[in-house]
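Just so you know, all these numbers are worked out from the coordinates, no wet-lab data involved. All of these numbers come straight from a predicted model, not from anything done at the bench. Here the Cβ positions follow ideal geometry from the backbone for every residue, glycine too, while neighbour counts run over all protein chains shown.
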Amino acid sequence: MTYTVALLVHIAAGVAGVLLGPPVLYFAAVRGVTRLADAYHASVLLVCVSAAVLAALDFADLWWFLLVAAGSYAFAARAVIAARQRRPNWLPRYIRGHGGAYIALWTAVVVVSINHLPVVWLIPTAVGAPLVEWLAHRAHTPIETEAARLPAKRVTDPM
């Protein structure tokens, strides 16, 4: 019973993350971080926690879930840290963090669906990494955007 509940939570959170990921990444690139990002982050966290629970319940077969969950959440945590610290050029780091978590979600879907062909597991990274990088490149940190709009100061030579 506990395993079934954990699996259902895992699947539901994974579906939510897969659905929320694209708008979160796109809006981050064009408008900045939205409140939708909190729901996305929560879904990734729930996927990772439920993966850890599933691994604990069937350690012999699912021990590797712990490694995947830790790696996946590390990407999402990177995004949250970047957004909280707001250091220069934080928005591309934010997008790369959540983008990495999104690629990890899709990789898990592919691994579960097509587990007999390991080379196929690379497809989410091959497709997702260039897209995430394009969005990160397209993103402009608001402070940097405002600075670009200001007229350049003229330096006058006193002589």
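Please tell me the relative contact order of the chain in percent, rounded to the nearest whole number, where contacts are Cα pairs under 8 Å and at least six residues apart.
Numbers: 182 pairs, mean separation 37.2, N = 159.
Reported as a whole number, the value is 23 percent.
What is the packing order of peptides 55-62, 41-48, 79-86, taking the mean over residues of other C-beta atoms within 10 Å and listing the highest first? Walk me through the intermediate numbers first.
Numbers: 55-62: 12.8, 41-48: 22.6, 79-86: 16.4.
For the peptides 55-62, 41-48, 79-86, the packing ranking is 41-48, 79-86, 55-62.
Seen against the Cα atoms of the chain and their longest principal axis, helix 64-85 is set at about 20 degrees. If you run the Gaussian network model on the chain, springs between alpha carbon atoms under 10 Å, then out of P92, P118, P23 the most flexible one is P118. Phi angles across region 38-47 convert, under the Karplus curve 6.51 cos²θ - 1.76 cosθ + 1.60 with θ = phi - 60°, into 3J(HN,Hα) values of 5, 5, 5, 4, 4, 5, 5, 4, 5, 4 Hz, Gly and Pro given as x. [x] 56, 14, 13; [y] 38, 16, 13; [z] 104, 23, 14: which one is semi-axes √(5λ) of the Cα gyration tensor in Å as calculated from this entry? Only one listed value fits the structure, namely [y].
In debye to the nearest 20, how big a dipole does the chain give about its Cα centre with +1 on each Lys and Arg Cβ and -1 on each Asp and Glu Cβ?
Values: 12 positive and 7 negative charges, 149 e Å.
Once rounded to the nearest 20, the dipole reads 720 debye.
Only helical runs count toward this figure. For the chain, summing -39,500 (n - 2.57) over DSSP H runs of n ≥ 4 and dividing by all residues gives -26500 deg cm²/dmol at 222 nm.
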